[in-house]
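Please treat every number below as a calculation from the coordinates, not as lab data. In this text the structure is predicted, and so the values were computed from the model without any measurement. In this analysis, Cβ positions are derived from the backbone assuming ideal geometry, glycine residues included, and neighbour counts consider all displayed protein chains.
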Amino acid sequence: MKTKKGANILSASLGYWEKLAEEYYLRQVNAPESPLKSLIQIGVAVGAINMILCTIMKEYGAAFACLLACCMLLAANFLRLYNREIVAKWLVIISFNAGVMIVSYCVGLRSGVYMYFFPVIFAMIFLIDTKITKELVISEIATIACFGFTFIIAPYATTNTSLSGLEYIYNFRINLAISLVLTGLVAYSILKTLNKKEEDLLGEKSLGDTIFNTSLDAIFIIDLESQLIADCNKRAIELFGINTKKGMFSTPITELLGEAAATRLKAFSPANFTSHSPWFGNMEFSAKDETPIYAYTNIVLFEHQRRRYAKISILDITEVRIAEVETLKAKERAERAAKVKSRFLSNMSHELRTPLNAIIGSTNILHQESHLESQRQMLDVLKHSSEHMLELVNDILDYSKLEADKMELNNVPFNLSELLLKIVGLFKSPVTNKNLSLKYDFEAVKGYVVMGDEMRLHQVLNNLLSNAIKFTEEGMVMVQVQVLMKRSSNITMRFSVKDSGIGIAPEKLHRIFDKFYQTDAETTRKYGGSGLGLAISQYIVQKMGGEMKVESTPGQGSTFSFTITMPIEATKYSYIEEPVEKFEDLQGVRILVAEDNPVNMMIVKRFLAKWNAEVVEAVNGLEALGHFSNQKFDLLLVDLEMPELDGAGVVSRIRKMGSAVPIIAFTAAVYDHMQADLIDKGFNDFIPKPFRPDDLREKIIHYVNRFRVKIA
Ligand code: ADP
């Protein structure tokens, strides 16, 4: 039992040593070459030789000392392999010195073993450091002390009488030869190490120089104390057009880099020199030949050999800057061109409006007056085409505003539900013509008078509704306004227009609000349109502070919606409608029409006469004033642009007379803030040309009613 246990312990310990030996071997094989390793190897070899020599000389004490020194060196090697370099180093020094001292003591000075101190003195340098350090001085002093001490304690010759004089001589020669060879070897190794270090240093310097000179930044090193340029790289010479590097040395910084750089450097306070963070930014310099250099510059401070320096790195961005300026110029040019284009479009649309007014007006008259049944279809075509053309002209005008982001919204009070009802009213007949059902729900906003741009809101809803009807073949179209939040001063509403039409494919939905975008050629062919309506509507809604959204399923229909917040006009907020005397006919209503264009005058007159109003005409502002001072009128329809005296002049004089007669501007010009501007000038409202007869009649009735209630 005991033997089995003993065998187990033995095999376990054998296993342990085996593992240790294997690990030692692996470390030994993989350890990098080092001076310490070479010294240990040489030391063990010399110790072994000496051990043999001493054994031959029958100096067993000395042989034992050699053996001990060898063991200590092997132990030092072990420590070295296990990352105890420093302890190993000192153990090597001790074993060298102690070994030489003891062997000299045993074999006597005559055998010349003390000569091993010479290679040891060199080996110290090799072992500790090639530079003079405290460590090296201590170890050198200790070795020289051991050398001296050896001469004090060691006898001249050994007491061993069997050694002949000749053996001593051989012994001395062998030791002399070995120590000389060793000294030579160690000295050679020291030289080699020094050379290698120098090469490394030179290599590092040349790498630094290469990096310095291949940098794309022009680099200047400035001596901060003297404010002179201490060094610069190749790029700096190129960029600044300096002839030679030498010529640049000791140049004052202001001379080459200018005042700005000098001021920047002075801004670095010397007090907290090391804690300064680098400065970077754009700076302008000028080369020797006065060429301007625009540069991205950074300045870093550093200390070298107790002197303070600044490194200025200059990255030339002149070309980028020129490109920037060019881009800016191109942008300005493009903006100017866009302005010209926008002005042209705006003028054109105004110019187009005047003849269109004549066409639409005449068509309307023909439509409403007796005509042959066979002419009806042609009249319908004429009416629809001219209205379509007017829509396009309006879209182009809006598009030019959108392009230049120049659309301004009005901010005047209007009755929301009245507007919505009016819009729905406009679409009743197209809906009936297509056999669709038109549903609407404005209950939530009934009676609200809000502040905003009535015309633009009308335009957006008009566009959504006409699209909904256009793209729906059967089913319904629905307009709804929901109140999402009502506060004392404003109201947030969601407007939506839903249809059961053709819908839009999901992959096309995200492009639907792009300018000129139409889902496909087939749709364009079938339904027409300019592809501008939604882009303009989205733009208007965004201007109102909302965002147009669309949900759609192909074949099932689409819902376009937007949410906007509008201020509530408190003073006009009314739940109860004012009782007014309604009249459909304009019998007994006296209207002064001031209009210089005979076609327009003819059209207006024809309508007014049709509604039985009494019309007095004036072809310019002065004539209008003349009529006004001699006669009584219920309402004035005044063109804005007239010879002699324009519309605004007429109104201003009438208001100065203290008259509150309703005056409606009649104009082909459409401009931003028009409604507010006209109200400011004293008008009550405006009718854009070409006009819808119903709009004109409604406005006349509305203002005449109010005027009559007031003066009653
Ligand atoms: P237009 O109708 O003049 O072509 P819009 O900007 O109003 O221009 O509309 C762009 C495109 O969006 C239309 O051509 C059509 O393809 C699609 N679209 C707009 N509204 C609807 C709708 N309610 N149902 C289906 N498609 C629609």
Query raised in the report: Given H placed on each backbone N at 1.01 Å, which residues far from Ala230 in sequence or on other chains put an amide H within less than 5 Å of it?
Result: Ile221, Ile222, Asp223
Report summary line: Over the chain, the sum of -39500 (n - 2.57) across DSSP H runs of at least four, divided by residue number and rounded to 500 deg cm²/dmol, gives at 222 nm -19000 deg cm²/dmol
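Remind me, relative contact order of the range 23-112 in percent, using alpha carbon pairs under 8 angstrom and six or more residues apart?
That works out to 30 percent.
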Query raised in the report: When the Karplus curve 6.51 cos²θ - 1.76 cosθ + 1.60 is applied with θ = phi - 60°, which whole-Hz ³J(HN,Hα) does each residue of the range 552-569 get, with x for Gly and Pro?
Result: 7, 10, x, x, 10, x, 9, 10, 9, 9, 8, 10, 9, 10, 10, x, 8, 7
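Multiply the residue gap between Arg655 and Glu418 by 0.36 nm, knock off their C-alpha separation, and tell me the result in nm, one decimal place. If you can, show how the numbers build up before the last one.
Working: separation 237, 0.36 × 237 = 85.32 nm, distance 2.90 nm.
This chain segment gains 82.4 nm when fully extended.
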Query raised in the report: Given labels modelled 7 Å from the Cα in the Cβ direction, how far is it in nm from Tyr25 to Arg307?
Result: 6.0
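So if I place +1 on the C-beta of Lys and Arg and -1 on the C-beta of Asp and Glu, and nothing else carries charge, what would the dipole magnitude of the range 1-97 be about its Cα centre? I want it in debye, nearest 20. Mind dumping the intermediate values first?
Values: 10 positive and 6 negative charges, 82 e Å.
About 400 debye.
How much of the DSSP bridge set in the chain is antiparallel, in percent, rounded to the nearest 5? Spell out each step's value before the answer.
On the way: 58 of 80 bridges.
The antiparallel fraction comes to roughly 70 percent.
Below 8 Å between Cα atoms, with a sequence gap of 6+, how large is the relative contact order for the chain in percent? Don't skip to the answer; put the middle values down first.
Working: 998 pairs, mean separation 48.4, N = 712.
Once normalised by length, the contact order is 7 percent.
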Requested in this report: For the range 646-654, take each phi angle, set θ = phi - 60°, evaluate the Karplus expression 6.51 cos²θ - 1.76 cosθ + 1.60, and give the result in whole Hz per residue in order, putting x for glycine and proline.
Outcome: 7, x, 4, x, 4, 4, 4, 5, 5
Requested in this report: Apply the Debye scattering formula to the range 587-712, with a single equal point scatterer on each alpha-carbon and no solvent, then give log10 I(q)/I(0) at q = 0.12, 0.14, 0.23 Å⁻¹.
Outcome: -0.38, -0.53, -1.67
Query raised in the report: Once the convex hull of the C-alpha atoms of the range 450-518 is built, how many Å³ does it hold per residue, rounded to a whole number?
Result: 122
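Where Lys and Arg each count +1 and Asp and Glu each count -1, what net charge lies around Pro598 among other residues with Cβ under 11 Å from its Cβ?
Every neighbour counted, the sum reads -2.
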Query raised in the report: So what are the three principal axis dimensions of the range 409-454 from its Cα atoms, in whole Å, longest to shortest?
Result: 37, 23, 11
Query raised in the report: Can you give the alpha-carbon Rg of the chain over 2.2 N^0.38 Å, where N counts its residues?
Result: 2.00
Report task. Excluding residues on the same chain fewer than 8 positions from Lys246, give the lysines whose Cα lies under 17 Å from its Cα. Result -> Lys234, Lys288
Requested in this report: Of the DSSP beta bridges with both residues in the range 630-712, give the percent that are antiparallel, rounding to the nearest 5.
Outcome: 0
Report summary line: Of the candidates Pro662, Asn171, Ile221, the farthest towards the positive dipole end of the chain (Lys/Arg Cβ +1, Asp/Glu Cβ -1, centred on the Cα centre) is Asn171
Query raised in the report: Across the range 390-404, in residue order, what do the Karplus-derived ³J(HN,Hα) couplings come to in whole Hz, using 6.51 cos²θ - 1.76 cosθ + 1.60 with θ = phi - 60° and x for Gly and Pro?
Result: 5, 4, 5, 4, 4, 4, 5, 5, 5, 4, 5, 6, 5, 4, 8
Query raised in the report: Setting aside same-chain residues fewer than 8 positions from Lys446, which lysines have a Cα under 26 Å from its Cα?
Result: Lys422, Lys428, Lys486, Lys498, Lys543, Lys549, Lys572, Lys582, Lys699, Lys710
Requested in this report: Run through all the Cα pairs of the range 1-53 and give the fraction in each 5 Å bin from 0, expressed as whole percent.
Outcome: 5, 16, 11, 14, 12, 13, 10, 8, 7, 4, 1
Report summary line: Counting only backbone N atoms under 15 Å from a point 7 Å out along Cα-to-Cβ of Ala338, the residues of the range 408-431 in range are 408
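Take the alpha-carbon positions of the range 604-673, form their convex hull, and give its projected area averaged over all directions (one quarter of the hull surface) in nm². Can you show the working numbers first?
Values: hull surface 21.1 nm².
Answer in nm², one decimal: 5.3.
Placing unit charges on C-beta atoms (Lys and Arg positive, Asp and Glu negative, everything else neutral), compute the dipole magnitude of the range 265-364 about its Cα centre in debye, rounded to 20.
Working: 15 positive and 11 negative charges, 46 e Å.
For the range 265-364, the charge dipole is close to 220 debye.
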Requested in this report: Pull up the cross-link candidates among the aspartates and glutamates for Lys341, meaning alpha carbon to alpha carbon under 17 Å and not fewer than 8 places away within one chain.
Outcome: Glu332, Glu351, Asp395, Asp398, Glu403, Asp405
